[in-house]
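The values are calculated or read from the model by the stated rules, or taken from the named source; none is laboratory data. As the structure is a computational prediction, the values presented were derived from the model and not from experiment. When we count neighbours, we look across all protein chains shown, and the Cβ atoms used for this are built from the backbone with ideal geometry, even at glycine.
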């Protein structure tokens, strides 16, 4: 906290000098407002941070092209402050403005796009709009699968996000598949006592606990396998449900039932 207060004092003095010597829409003012906003954010002073980011935005809107990435960053910062204050609809509105700029400028597989999709997904999830949340998490996941190594811990986080949305909408089998993908990466990349690994294992336990109707689970698994068998060749990359997957799920269910 002490270092934050020192930095805040420094930037406020710099701002006073800039305000007395620079035009009101000078880009340097936007940079200083943004820096002050970042410090307030770190301190948990979200309203003050929001005010600084809004001052940044006003200057950038006058001094930058409408599709400048710095504008996207500021829209994101404003969205994050609204999210921190549980104003999720406002947050989504700003995230979408950031996304519009990013999609116009960045390559389709740029990880900044994935971050924005994740921000939108989290805001929808907080509003319990789970279908919208899952769609955005899916979009983020597609980018991350293209841009990241197959065992990157960020991918595990993405699989967990999608799995959680399926769990919350009662689609336990699909949720379990995503959790298993996350678990595989985490067991390879994280120490055995890591909190993220423990969380994923807890998610899987919750799924098994929710699958109380054992016969219905078997029926649903067989139906899913038959549908995919008819529609896709067995080596198709989206052929997720294999006979081995079914056996693993049933084994886990049996163990959980016996516990």
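Assorted remarks:
Conditions tested, residue by residue: (1) under 14 Å from the mean Cα position of the chain (by Cα); (2) over 24 Å from residue 46 (Cβ atoms).
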{"residue": "79", "(1), (2)": "yes, no"}
{"residue": "85", "(1), (2)": "no, no"}
{"residue": "93", "(1), (2)": "no, no"}
{"residue": "98", "(1), (2)": "no, no"}
{"residue": "105", "(1), (2)": "no, yes"}
{"residue": "133", "(1), (2)": "yes, no"}
{"residue": "143", "(1), (2)": "yes, yes"}
{"residue": "154", "(1), (2)": "yes, yes"}
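- Selection status of residue 133, farther than 18 Å from residue 75 by Cα and modelled with pLDDT under 95: no
Quick grid of which residues meet (1) crowded, with 21+ Cβ neighbours inside 10 Å; (2) touching a strand residue (DSSP E or B) at 6+ places or on another chain (Cβ under 6 Å); (3) farther than 30 Å from residue 68 by Cα:
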position: 100; (1), (2), (3): no, no, no
position: 107; (1), (2), (3): no, no, no
position: 140; (1), (2), (3): yes, no, no
position: 145; (1), (2), (3): no, no, no
position: 179; (1), (2), (3): yes, no, yes
position: 193; (1), (2), (3): no, no, yes
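- Pairs where the first residue, in region 37-50, is in contact (Cβ under 8 Å) with a residue 24 or more places away in the chain and the second is outside any helix (DSSP H, G or I), C-beta under 6 Å, 6+ apart: 46/85
- Options 21, 56; residue that is surrounded by 14 or more Cβ atoms within 10 Å (Cβ to Cβ) and modelled with pLDDT of 95 or more: 56
- Condition met for residue 98 (touching a residue at least 24 places away in the same chain (Cβ under 8 Å) and out of contact with any helix residue (DSSP H, G or I) (no Cβ under 8 Å at 6 or more places or on another chain)): no
- Residue match in region 109-128 (condition: part of a helix (DSSP H, G or I) and out of contact with any helix residue (DSSP H, G or I) (no Cβ under 8 Å at 6 or more places or on another chain)): no
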